[in-house]
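Each remark here refers to the structure printed beneath this line.
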Amino acid sequence: MSRSSGGAARLRDLALLRQVRDRIDREHAQPLDVEALARGVNMSAGHLSRRFRAAYGESVYSYLMTRRIERAMALLRRGDLSVTEVCFEVGCSSLGTFSTRFAELVGMPPSAYRREAAGTVAIVPCLAKQVTRPVRNREAPGAGSS
């Protein structure tokens, strides 16, 4: 493979990876898995997983769960849904997995986050999203320090 065709293939892969990321951002509440996402861009699941991690520094699943947790945080701040309703609203099928991942990323369980958010002053959504963005890769304060 020549250098120019290798560069073209890399750019093509990056464009496809962006499509996958955009689809996750749009359809995070839908049942998505690596195989379905890979089929959507005509890649094997293994190739998608390797390329996604190389390009974005995290797995496809981790990126999907982060999007779901971000949406869950917004719904919990709103306060009109239970934790279970929020779990299913954001596309998670297991309350246990949702609660565990939420605690890993946010540093507290969803029920505690909801209680804490109920006592806070409302701020504009664009600022709330920036300030409350979950931390990836188990870097939340207090996570794992039990």
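A few points about this structure:
- Criterion applied to SER49, SER62, SER44 was being under 19 Å from GLY91 (Cα atoms) and of a type in the set (S, T, N, Q), and the one residue passing it is SER62.
- Scanning segment 63-100 for residues that are in contact (Cβ under 8 Å) with a residue 24 or more places away in the chain and surrounded by fewer than 17 Cβ atoms within 10 Å (Cβ to Cβ) gives ARG71, ALA74, GLY79, GLU89, SER93.
- Within segment 1-90, helices (runs of 4 or more DSSP H) holding 3 or more residues that are β-branched (Val, Ile, Thr): 60-78, 83-89
- Tally of residues being under 15 Å from ARG67 (Cβ atoms) and either among the polar types (S, T, N, Q) or surrounded by 13 or more Cβ atoms within 10 Å (Cβ to Cβ) (or both) across segment 20-56: 13
Read the figures in this text as sums done on the coordinates, not as results from a lab. The structure presented is a predicted model; accordingly, all values stated were derived computationally and were not measured. Here the Cβ is made from the backbone with ideal geometry for all residues, glycine too, and neighbour counts use every protein chain on show.
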